[in-house]
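Report on the structure given below.
Quick note: the coordinates plus some simple rules give every number you see, no bench work behind them. Only a predicted model underlies this, so the values are computations on that prediction, with no experimental measurement involved. Virtual Cβ from ideal backbone geometry, glycine too; neighbours counted across all protein chains shown.
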Amino acid sequence: MDAVSVSIVSGLNEPAMKKRRMTGIAATFGGFQFLMPFLGWTFVVFLESVFTAVRPFIPWVAAAILTFLGIRMIIEGFRNGDEEEGAKIGIGALLLQGIATSIDALSAGLTMSEYDLGRALVSSGIIGVITFLLCLISVFLGKKIGEKLKNKASLIGGVILIAIGLEILVKSFFA
């Protein structure tokens, strides 16, 4: 759901987005959602002690990345307040969003520890495909909303990214 929310923000931020870019954004999130559970499975199977040591820091890293990107969007929103079109999210920021929204999916790999390689790949693939489809729809919806909000979209999107980062962090205290 974090990837879906960030996809909406991407659409909000860039209301004139082309279909190819929308597909690329959805593919980025879907790809990371495929990759992270599979990496989690790999960590459990091969590097369990390393993953156990790193696990408490995962929510903090995700929250920091999303907060950084959210603040950056808010600043851009104030700088470009008069412009009608939102700024494009660069490939670096998109990759950071993909990592931040999927880093907690590493934990999903823990639940797949009994799977063989084939089942781990199929499970991760299902997660990736569903995420891709949901994010594609979300970018489209965000784009439509962004067309109506015009120059306020970057500010709203930045606040949403920060809220998602804080949500990830707060959830980690109750997990």
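Which value results when the Cα radius of gyration for the chain is divided by 2.2 N^0.38 Å?
Numbers: Rg = 16.7 Å, N = 175, 2.2 N^0.38 = 15.7 Å.
The chain yields a ratio of 1.06.
In whole Hz and in residue order, list the ³J(HN,Hα) couplings for segment 113-118 that follow from phi through the Karplus curve 6.51 cos²θ - 1.76 cosθ + 1.60, θ = phi - 60°; x for Gly and Pro.
4, 8, 6, 7, 4, x
Would you mind checking the tilt of helix 19-46 against the longest principal axis of the Cα atoms of the chain, expressed as 0 to 90 degrees and rounded to 10?
Roughly 20 degrees, rounded to the nearest 10.
Just subtract the alpha-carbon distance of residue 72 and residue 27 from 0.36 nm times their residue separation and send over the number in nm, one decimal.
Contour length minus the Cα-Cα distance gives 13.9 nm.
Would you mind computing, in nm to one decimal, how far apart the modelled labels at residue 166 and residue 42 are, each placed 7 Å from Cα along Cα→Cβ?
3.5 nm
Which angle between 0 and 90 degrees, to the nearest 10, do you get for helix 58-79 versus the longest principal axis of the chain when only C-alpha atoms count?
That helix lies at roughly 10 degrees to the long axis.
Could you sort the peptides 164-170, 153-159 by per-residue average Cβ neighbour count (10 Å cutoff), highest mean leading?
Final packing ranking: 153-159, 164-170.
Using only Cα atoms, tell me the angle between helix 91-102 and the longest principal axis of the chain; keep it within 0 to 90° and round to the nearest 10.
For helix 91-102, the angle is close to 50 degrees.
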